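Input: a single structure, listed below in C-alpha cells.
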Amino acid sequence: MLRITVLGAAREVGRSAILVANDNSKVLLDYGVLLKREPLFPMHVKPKDIDGIIITHAHLDHSGFVPSLFVSSTPDVYATEPTFELSKLLIEDMLKISGFYLPFEYLELITMLKYANKKEYREAFDVKDMRIILHESGHIIGGASVVVECNNKRIFYTGDINLNGSRITKEADLDIGEIDLIITESTYSMEDHQPREEAERTLIEFANDVVERGGILFIPAFSIERAQEIACVFQAYNFKHRVVMDGMALKANEIMLRYPMFINNVELFSNALKNAEWIRGWGDRKRALNSPCVIISPAGMLVGGASIFYLEEIADDTKNGIAIVSYQGENTPGRTLMNERIALIKGKIMKVNAEIRRFEFSGHSGRHELFKMIKSIKGEPKVLTVHGDHDSCIKFADDIRSVVGLDAYAPLAGEGIEL
Ligand SMILES: [Zn+2]
C-alpha cells in the first residue's frame with residue numbers, strides 16, 4: 001500500500017510538505033515554513049521515521065523547516081547543488097532576522113548540509129525502495145519537480161512550476177512518462193498572467209521615463225531570481241542608464257554565477273550582472289542616489305533590508321518611481337504601499353509621492369499553463385491541488401474534474417490518498 005499525505009500547503013500558499021509512505025519507506029517532499037507575523041510550520045513527522053527528504057527548491061516555503069528534522073535525527077536530503085547553496089543563504093537569513101521562536105538553530109542547518117546529496121536533473125536515485133527523479137521546474141535556478149516511483153505507481157509533484165521558464169530558467173521538463181498521481185501547485189490556477197513581453201516592455205518604458213525626467217526608479221525585488229531576472233530584462237533591452245543592485249541579491253548573484261549550466265541564457269545573465277553596479281557599503285549606497293538610475297534591491301515586499309533606506313530616500317519626490325515586480329503578500333508593507341500609497345518608516349507614516357506602477361513577472365505558471373501541463377501528462381492520473389489559496393485549490397480541483405475529466409481533490413492538512 002502506498003499512501004500520500006499532505007502535511008502542509010493545504011488550501012494555502014506556504015509550508016509545503018508531502019509525505020510518501022509505503023510499508024518499507026517514508027520520503028518527505030519539501031518541508032517548508034509559512035512566514036506570517038510568526039512562522040507557521042507543516043504537520044509534525046517523527047524525524048527518525050523519515051528515510052529521505054527531497055527539497056524541490058530553495059524558497060523558504062519549501063526548504064525552511066528541513067533543519068528541524070536534524071535536531072534528533074540525520075536523514076539524507078536530496079536536491080540540486082544550487083538549491084542547497086541558496087537554501088543555506090535563505091535559512092541563515094531567516095535565523096538571523098527571526099524575532100520569533102524557531103525550533104532549530106544554525107547547528108541543525110549545518111548538520112542538514114552534511115547529509116546533503118547533490119543530484120542532477122534526470123539522474124534517477126533510490127531512497128530505500130523508492131526511485132526518485134528530479135526534473136527542471138523552470139521556477140528558480142536549481143528548482144525541480146519530482147517523480148517518485150514505487151509499488152508500481154508513479155507520482156509527479158510539481159513543486160513550484162513555471163512551464164515557460166524565464167530569461168534565467170529553462171522551460172519546465174514535462175517529459176515524465178505515465179503518471180498515476182499529480183500533486184500540483186495552484187498558486188495562479190484562477191488567473192492568467194500579463195504576457196511576459198508586455199511586462200518587460202512597459203517596465204523599460206517606465207524606467208526610461210523616470211530616469212530621463214531626472215528621477216530614481218526603485219525596484220524592490222526578491223534576492224533570488226527576481227532581482228537577477230529584472231537585471232536581465234534591462235540588459236536584454238540595452239538599457240542606457242545605470243542599473244544598481246544591492247542587498248542579499250548580491251550574495252545570490254555570486255552563487256548563481258557559479259552554476260551557468262542551470263541558466264537559460266548565460267551570456268545575457270553574466271553581462272547583466274557585470275554591467276550592474278554592486279553596492280558594497282553605506283558610502284556606495286548614498287552615492288548611488290546622487291544621479292538618476294535604476295536600483296534593484298530586496299526585500300521584495302519591503303519588509304526590511306536596504307529597501308527601507310531607498311524607499312525613505314525616494315518616496316517624497318514625484319519625479320522618482322517605484323516599480324512593483326513581485327507578488328505582495330497580505331499585510332506586508334509592499335501591499336500597503338501599492339494600495340494606499342503610504343509607507344511606515346522609523347515609526348512614522350509617510351505619504352509616498354513617487355509614481356508607483358505594477359508589473360507582472362511571476363515565477364509560476366498561470367491558469368492556462370497549468371491546464372496545458374495537466375492535459376499533457378500521460379495516463380489517467382488522479383490529481384491533488386495544493387499550494388494555492390483556499391478557494392483557488394478547491395475551484396482548480398472542480399475545474400480539472402469538469403474540464404479535463406480527471407479525479408481531482410483539494411486536500412486538507414493531514415488528508416491524503418492511497419494508491
Ligand atoms: Zn517557490
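Since every read-out is calculated from the coordinates, none of them should be taken as a lab result. Predicted, not measured: the structure shown is a model, and the values here were computed from it. Cβ placement follows ideal geometry from the backbone for every residue including glycine, while neighbour counts extend to all protein chains displayed.
Please indicate, with yes or no, whether at least one residue in the range 198-216 is outside any helix (DSSP H, G or I), more than 16 Å from the ligand (Cβ to nearest atom) and free of Cβ contacts under 8 Å to residues at least 12 places away in the same chain. Within the range 198-216, not a single residue is outside any helix (DSSP H, G or I), more than 16 Å from the ligand (Cβ to nearest atom) and free of Cβ contacts under 8 Å to residues at least 12 places away in the same chain. Count of the range 242-291 residues, restricted to those that are of a type in the set (G, A, S) and in a helix (DSSP H, G or I), is 6. For the residues I140, I176, I155, the requirement of being buried (at least 24 other Cβ atoms within 10 Å of the Cβ) and in a loop (DSSP other than H, G, I, E, B) singles out I140. With respect to the conditions (1) touching a His at 6+ places or on another chain (Cβ under 7 Å); (2) within 16 Å of the ligand (Cβ to nearest atom), P42 falls short on a single one, namely (1). Given the residues L7, L19, which is the only one that is touching a Pro at 6+ places or on another chain (Cβ under 9 Å) and assigned to a strand (DSSP E or B)? L7 is the lone residue from the list that is touching a Pro at 6+ places or on another chain (Cβ under 9 Å) and assigned to a strand (DSSP E or B).
Within the range 191-246, being hydroxyl-bearing (S, T, Y) and surrounded by fewer than 24 Cβ atoms within 10 Å (Cβ to Cβ) holds for T202, Y237.
Against the conditions (1) crowded, with 22+ Cβ neighbours inside 10 Å; (2) among the charged types (D, E, K, R); (3) more than 16 Å from the ligand (Cβ to nearest atom), D61 satisfies every one except (3).
The residues of the range 356-386 that are within 15 Å of the ligand (Cβ to nearest atom) and β-branched (V, I, T) amount to a single one, V386. Cβ-Cβ contacts under 6 Å between residues 6 or more apart (or on different chains), taken from a first residue in the range 56-78 that is closer than 14 Å to E105 by Cβ to a second residue that is away from the ligand (no atom under 14 Å from the Cβ) and basic (K, R), are absent. Scan the range 99-142 for residues that are under 24 Å from D160 (Cβ atoms), among the hydroxyl-bearing types (S, T, Y) and in contact with a helix residue (DSSP H, G or I) (Cβ under 8 Å, 6 or more places away or on another chain) and the total you get is 1. Filtering the range 154-186 to residues that are within 16 Å of the ligand (Cβ to nearest atom), over 22 Å from K26 (Cβ atoms) and among the small types (G, A, S) leaves G165, S166, A172, S186.
Of everything in the range 135-153 that is in contact (Cβ under 8 Å) with a residue 40 or more places away in the chain and away from the ligand (no atom under 15 Å from the Cβ), the residue that is nearest to L89 (Cα to Cα) is H135.
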